[in-house]
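Take a look at the structure below.
The values are calculated or read from the model by the stated rules, or taken from the named source; none is laboratory data. None of these values were measured; they are calculated from a predicted model. Note that each Cβ is placed from the backbone with ideal geometry, even for glycine, and that neighbours are counted across all protein chains shown.
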Amino acid sequence: MSRRVHGDREEADLPIDPDVDLRHEPDMFRPSAPPARARTWDILAVIAIGGGAGAVARYLVGQAFPAPPAGFPWGTFLVNVSGCFALGLLMVFVLDVWPPRRYVRPFLGVGVLGGFTTFSTFSVEIVDRSSLGAWPVAGAYAAASLVAGLVAVWCGIVLARALAGLPVRRGRRGE
């Protein structure tokens, strides 16, 4: 990572979002004319179609694994952990392997996986179990979801990088 000097202090450059090409971005601190309205309807359409498909898949998993009111909600847990794994896998291919495509990330990453995974249901299930006095289940569900989600996204990244023949770990920027 490169460093910049500002007066008497040195600061590291911040990482750049790969979706933003700064060569064509105006200086954000300098007033400029309002940007021309970009064509976004097509992106919104692919997100909506992907979101619908993901939501249907989530509904089907929920029907296959119904949760008892005070029991562990295996359906939502499975959906969220598998969604984390798929997102880790997908992002390696989208960012490091495949050539840039306009619709892949919005359709699969935002639409399908956004519609498939669910933070709101996860939250409601924790509150429901807590209100029924099933504190151990609520706590185990919250902790297991967090840990399993982080492990799943890491496993997805490792698997995708191995499948693509990429090193599992990247070196630091500038090395």
Practice task
Considering every residue within the stretch 70-83, establish whether at least one is crowded, with 18+ Cβ neighbours inside 10 Å and modelled with pLDDT under 95.
Solution key: no
Practice task
Name, by its number, the condition in (1) part of a helix (DSSP H, G or I); (2) surrounded by fewer than 16 Cβ atoms within 10 Å (Cβ to Cβ) that does not hold for residue 157.
Solution key: (2)
Problem - Subset of the stretch 102-138 [farther than 25 Å from residue 56 by Cβ and of a type outside the set (A, V, I, L, M)] - result: 129, 130, 131, 133, 135, 136
Problem - Options 104, 137: the member that is among the β-branched types (Val, Ile, Thr), surrounded by 13 or more Cβ atoms within 10 Å (Cβ to Cβ) and touching a residue at least 24 places away in the same chain (Cβ under 8 Å) - result: 137
Practice task
Residue by residue through the stretch 84-99, note down the ones that are in contact with a Pro (Cβ under 9 Å, 6 or more places away or on another chain) and surrounded by fewer than 14 Cβ atoms within 10 Å (Cβ to Cβ).
Solution key: 95
Completion exercise
residue 83 vs (1) part of a helix (DSSP H, G or I); (2) over 24 Å from residue 56 (Cβ atoms): all pass except (2)
